[in-house]
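Following: one structure in structure tokens, then a few remarks.
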Amino acid sequence: MTHTYAKLDWTDDGQPLSKSHGDVYFSRASGLDETRHVFLTGNSLPARWQNAPAFTIAETGFGTGLNFLAAWQLWQQTASPEQRLNFISVEKFPLTPEDMAKALALWPELGTWTRPLLEAYPALLAGMPMVHNNVTLRVDFTDTASALPSWTSPVDAWFLDGFAPAKNPDMWTNDLFTNMARLTPCGGTFATFTAAGVVRRGLQNAGFDVHKVRGFGHKRDMLTGQRT
Ligand SMILES: C[S@@+](CC[C@H](N)C(=O)[O-])C[C@H]1O[C@@H](n2cnc3c(N)ncnc32)[C@H](O)[C@@H]1O
């Protein structure tokens, strides 16, 4: 499998920036706190996976893997060993293993989860899932628009994390919202850092209830919601 790897710049404090999209991978203030606020709390986790034998999270934009690691940490802290977490993601421009290791070194408190991810990353890049105890991670290294039509597993929670819609409109299409609706059972949820009108209207038209809620840090608003 050949990949077009992400081209990065690095800030003085070691944070990755996308050269091609001119955007950040996560909040400069604290990416980990942002992930917890936007994607974990935004999907009412861990409450939604309590008592679920299996729970599936789908993400658009795997990037550094930070969202996956924060979800995995919370899962390990709150779910029982009999429960299973499936995390599926899509990424068109993967980080190289070296850039991934450099970016994730920002979060020493995630080290227990970062180490197995970095060990599995070359195999993930070759198309194999990572299976670790009761957690499975699969990443489709392609365009969201090509990947989603082939997905069939029901999704309980969505992490919508492409770059900002204004900088990356290809990632936020009506086809994405329609496929999300197809895959999400009634009551399934989504969360995203953006409150852009194109995303709000697209999700509403596809069949989601959409709520504008307080964003992370300097961002006034973000969106959460559930499939009706
Ligand atoms: C904001 S970053 C994601 C950050 C990531 N969730 C994390 O935890 O580090 C957005 C990601 O979307 C990816 N991306 C951009 N356009 C894409 C597309 N059309 N299809 C799939 N991935 C895309 C970028 O390469 C980037 O890794």
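Observations on the model:
- When region 167-180 is limited to residues that are assigned to a loop (DSSP other than H, G, I, E, B) and more than 8 Å from the ligand (Cβ to nearest atom), the one that is surrounded by the fewest Cβ atoms within 10 Å (Cβ to Cβ) turns out to be 167.
- Search result, residues across region 139-166 that are in a helix (DSSP H, G or I) and of a type in the set (A, V, I, L, M): 145, 147, 148
- Residue list for region 181-197, restricted to those being in contact (Cβ under 8 Å) with a residue 24 or more places away in the chain and either surrounded by fewer than 20 Cβ atoms within 10 Å (Cβ to Cβ) or more than 13 Å from residue 38 (Cβ to Cβ) (or both): 181, 183, 184, 185, 186, 187, 188, 195, 196
- For residue 224: the one exception among (1) outside any loop (DSSP other than H, G, I, E, B); (2) among the hydroxyl-bearing types (Ser, Thr, Tyr); (3) more than 26 Å from residue 52 (Cα to Cα): (3)
- Being out of contact with any helix residue (DSSP H, G or I) (no Cβ under 8 Å at 6 or more places or on another chain) and closer than 30 Å to residue 79 by Cα is a condition met by at least one residue of region 201-209.
- Every residue from region 10-69 that is among the β-branched types (Val, Ile, Thr), more than 12 Å from the ligand (Cβ to nearest atom) and within 19 Å of residue 192 (Cα to Cα): 41, 56
- When the test is whether a residue is within 12 Å of the ligand (Cβ to nearest atom), at pLDDT 95 or above and either loosely packed, with under 14 Cβ neighbours inside 10 Å or part of a helix (DSSP H, G or I) (or both), residue 103 passes it.
- Residue 41 meets each of the listed conditions (1) among the β-branched types (Val, Ile, Thr); (2) more than 22 Å from residue 170 (Cβ to Cβ); (3) buried (at least 21 other Cβ atoms within 10 Å of the Cβ) apart from (3).
- Just one of the numbered conditions (1) free of Cβ contacts under 8 Å to residues at least 12 places away in the same chain; (2) within 14 Å of the ligand (Cβ to nearest atom); (3) within 23 Å of residue 216 (Cβ to Cβ) is not true of residue 161: (1).
- Residues that are within 12 Å of the ligand (Cβ to nearest atom) and acidic (Asp, Glu) within region 112-158 comprise 140, 143, listed in sequence order.
- Scanning region 198-215 turns up no residue that is touching a residue at least 60 places away in the same chain (Cβ under 8 Å), surrounded by fewer than 17 Cβ atoms within 10 Å (Cβ to Cβ) and over 12 Å from residue 38 (Cα atoms).
- Total residues in region 11-29, condition out of contact with any Pro (no Cβ under 6 Å at 6 or more places or on another chain), in contact (Cβ under 8 Å) with a residue 40 or more places away in the chain and either at negative phi or buried (at least 19 other Cβ atoms within 10 Å of the Cβ) (or both): 9
The values are calculated or read from the model by the stated rules, or taken from the named source; none is laboratory data. Predicted model only: the values in this text are computed from it and were never measured. Please note: Cβ atoms are built from the backbone with ideal geometry, for glycine as well, and neighbour counts cover all protein chains shown.
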